[in-house]
Amino acid sequence: MLRIYCRDHHGSAGRNASRLCAECADRFEYARKRLAGCPYGPDKPTCANCQIHCYGPSQREATRVMMRYAGPRMIGRHPLLAIAHVLDGRRPAPPKPRAVPHGPQAADDSPVAL
Ligand SMILES: [Zn+2]
């Protein structure tokens with residue numbers, strides 16, 4: 001989606017359509033890192049539906065604008081992906097996963113071993 005946005009707003013498609021401009025490449029890298037640290041893992045809800053707002057306010061706004069622009073254009077390029085994403089957005093977000101315990105400590109609710 002960033003690629004669609006970048007192509008139309010920053011004119012990066014010309015010589016090499018697969019390249020993002022520096023600004024969008026930064027944004028992509030930021031998103032990738034956030035995603036890698038997402039505690040939901042593969043169960044991640046769509047970002048609009050997520051209870052954890054892991055983006056900073058400026059990144060969040062920029063991403064929202066980018067998605068609003070590229071979203072409808074996804075239908076033409078990746079129809080199945082776009083539809084799957086819309087359906088995904090209707091799924092309620094799962095509850096926040098519990099914090100991962102630090103270090104090798106026993107779970108509180110485990111029966112006491114004798
Ligand atoms: Zn760009």
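A few points about this structure:
- Across the range 72-105, the qualifying residues are those that are surrounded by 10 or more Cβ atoms within 10 Å (Cβ to Cβ) and assigned to a loop (DSSP other than H, G, I, E, B), and the one among them that is modelled with the lowest pLDDT is P101.
- For the range 19-63, residues that are of a type in the set (K, R), without any contact (Cβ under 8 Å) to a residue 12 or more places away in the chain and within 16 Å of the ligand (Cβ to nearest atom) total 2.
- Residues in the range 55-71 that are surrounded by 11 or more Cβ atoms within 10 Å (Cβ to Cβ) and either among the acidic types (D, E) or part of a helix (DSSP H, G or I) (or both): Q59, R60, E61, A62, T63, R64, V65, M66, M67, Y69, A70, G71.
The values are calculated or read from the model by the stated rules, or taken from the named source; none is laboratory data. Everything quoted here is computed from the prediction, not taken from an experiment. Note that we place each Cβ from the backbone using ideal geometry, even for glycine, and neighbour counts take in every protein chain shown.
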